[in-house]
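Trainee: Structure provided below as structure tokens; questions to follow.
Only the coordinates and a few stated rules stand behind these numbers; no lab work does. None of the values given here were measured: they were computed from a predicted structure. In this analysis, Cβ positions are derived from the backbone assuming ideal geometry, glycine residues included, and neighbour counts consider all displayed protein chains.
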Amino acid sequence: MKNNKFQIMRRLIIVGMASIALLFAACNVNSPMNPNQDQQSIETVAVDNVLGKSKTAEKASKKSENKGKVYDYPQFASRKLAYDQVEKHYAGGSMKAKNGASFKLQGGALTPPAGTPDGASVTIEMLIEKDEKTKELIFTFGPHGSQFNPPAEVWIDYSEIGNNGVNLYYISDDGNYIEQEPEAIDRKNKKMMLLIPHFSRYAIAHSR
């Protein structure tokens, strides 16, 4: 009889200890028996999905930026150059359009058009137009007849045109396109530089 009671007590103690052990296991955060474990896993997956979508969107945004911006045309920029009565030459200057095209001239380089009054200021101009049919950009510099020594430095942004088959052209007075070789090309920023000894018209376009 005593042995039976002892065995029953022993079983109760073992069952009790097992219950306590299971309770502690369930409370463990990393335990598979934790009722919150599935919810935490779901939340982790949800966060990973959001981060994944965010990274994908960021890559898409950067890819879109690399294609270049689209600007409104025509664009116009100008700069007034004063005549230095002491140095007896025109001041230098620069101008820049919204699409990134720029013009830079050193002091003393400008010879104004014939008929310009002595000592009169000269306003240099840059007009940029876009042919919607061919997608080419046409640059017209003025006033016509202006000459530069040393040549003026012009940077042209061609990111709107694309990378394949983009060429630089000089447009003659009779409208013919004559292909030119740029002085420098910045392929990373999609720009090309040319040196011009006088004002004229230029274009960047796909091969004609």
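Trainee: Using alpha carbon coordinates only, what is the Rg to Rh ratio of the stretch 86-133, with Rh defined as the Kirkwood radius?
Mentor: Rounded to two decimals, Rg/Rh equals 1.09.
Trainee: Only counting other Cβ atoms within 10 Å, I'd like Ser121, Ser146 sorted with the fewest neighbours first.
Mentor: Values: Ser121 13, Ser146 25.
Fewest-to-most Cβ neighbours within 10 Å comes out as Ser121, Ser146.
Trainee: If you don't mind, there's one more thing I want to ask. Among Lys133/Lys190; Lys135/Lys190; Lys98/Lys130; Lys133/Lys188; Lys69/Lys191; Lys69/Lys130, which pairs are too far apart, with a Cα-Cα distance over 20 Å?
Mentor: Violating the 20 Å Cα-Cα cut-off are Lys133/Lys190; Lys133/Lys188.
Trainee: Report relative contact order for the stretch 75-206 in percent, whole number only (criteria: Cα-Cα under 8 Å, sequence separation at least 6). Don't jump to the answer; show the numbers that get you there.
Mentor: Numbers: 299 pairs, mean separation 32.5, N = 132.
Reported as a whole number, the value is 25 percent.
Trainee: Based on other C-beta atoms within 10 Å, arrange His198, His144 from fewest to most. Please report the intermediate quantities before stating the final value.
Mentor: Values: His198 15, His144 12.
If I rank by nearby Cβ atoms, fewest first, I get His144, His198.
Trainee: To continue, here is another question. Among Glu181, Glu129, which comes first, then next, by fewest other beta-carbon atoms within 10 Å?
Mentor: Ordered from fewest to most neighbouring Cβ atoms within 10 Å, Glu181, Glu129 come out as Glu181, Glu129.
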